[in-house]
Amino acid sequence: MAGRIQLIIGPMFSGKTTELMRLLKRYQIAKYHCLVLKYHKDDRYDSKHIASHDKHYIEATQVSKLSQIMDLANEYDVIGIDEGQFFPDIVTFANEMAEKGKIVLVAALDATFEKKAFGDILQLIPLAESVVKLTAVCMNCTKEASFTKRIGMEKEVEIIGGADKYLSVCRKCYPLDFQNNKENELVNPKPTPTKSRPTLVNSPTLVNSQPLTAMENEMGVEDFQPPPLVNIKMNQIRGKLFSSP
């Protein structure tokens, strides 16, 4: 079997792990022997599985360095690596496995929260047969998001977290200050639609307007007076009775 490297990169919440899991499941259905690897410090959801943000799981082996499981990897056809940016030997391992005829699938952040290359992951690009960069949705304005923004004040590059620590943002929203926002509130939230006053139609068959007054009060609309439909109806009747032939 011809080896190959498939690289899936993008910001947080762009679906990298979901895409990795989709590819792995395809190979599993086709009866390929698949080995799934995850970074040993990533235990956000489960220490024995890789997990997408929407809580789908695949069993995985935790490692700190890929060189530790070189002999084990030789026994498999497909090797899936999640959070590949954290492994210092990702380039050497992936290239060596591909040279041995293995299919190597790598999901990774391409950039840090400072928009700098994350580890050595970008060095895989010239060695890979396939490179896909995914985008997320900006959590501030809902446009396409290509960057990861850290909410807290920490400066260390390797701080593992989810929506509690990071946002996916677009270029325009990246410079905005999210650090003082509580519970990831939006900096520029969309205005909440206001409750509009219902339109009333003066129907000649409507002679009692009291139910409309009750409806208006329940909706919280103040100082609204319904049209005097009862008086209008009575005036119409009197006009017919006392008009000259």
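The values are calculated or read from the model by the stated rules, or taken from the named source; none is laboratory data. What you see is a predicted model; the values in this text were computed from it and never measured. All Cβ positions, even for glycine, are placed from backbone atoms using ideal geometry, and neighbour counts span all protein chains on display.
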If you check residue 106 against the conditions, is it within 24 Å of residue 2 (Cβ to Cβ) and at pLDDT 95 or above? yes
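When you look at residue 30, is it among the small types (Gly, Ala, Ser) and either farther than 24 Å from residue 131 by Cβ or modelled with pLDDT under 95 (or both), yes or no? Walk me through how you get there before you give the answer.
On the way: among the small types (Gly, Ala, Ser): yes; either farther than 24 Å from residue 131 by Cβ or modelled with pLDDT under 95 (or both): no.
Considered against the rule, which asks whether it is among the small types (Gly, Ala, Ser) and either farther than 24 Å from residue 131 by Cβ or modelled with pLDDT under 95 (or both), residue 30 comes out as no.
For the subset of segment 61-113 comprising residues that are of a type in the set (D, E, K, R) and in contact (Cβ under 8 Å) with a residue 40 or more places away in the chain, which member is nearest to residue 145 (Cα to Cα)? Before you say what the answer is, go through the steps one by one.
Initially, segment 61-113 is screened for residues of a type in the set (D, E, K, R), giving 65, 71, 75, 77, 82-83, 89, 96, 99-100, 102, 110.
Cutting the leftovers down to in contact (Cβ under 8 Å) with a residue 40 or more places away in the chain gives us 75, 77, 82-83, 99-100, 102, 110.
Working: 75: 39, 77: 34, 82: 21, 83: 19, 99: 35, 100: 37, 102: 33, 110: 13 Å.
Per the stated criteria, the residue is 110.
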Might you check whether a residue that is among the aliphatic types (A, V, I, L, M) and within 23 Å of residue 14 (Cα to Cα) occurs anywhere in segment 138-150? yes
Given the conditions (1) at pLDDT 95 or above; (2) surrounded by fewer than 18 Cβ atoms within 10 Å (Cβ to Cβ), and given that residue 121 satisfies all but one, which numbered condition is not satisfied? (2)
How many residues are within 24 Å of residue 113 (Cβ to Cβ), at pLDDT 95 or above and among the β-branched types (Val, Ile, Thr) when one looks only at segment 44-95? 3
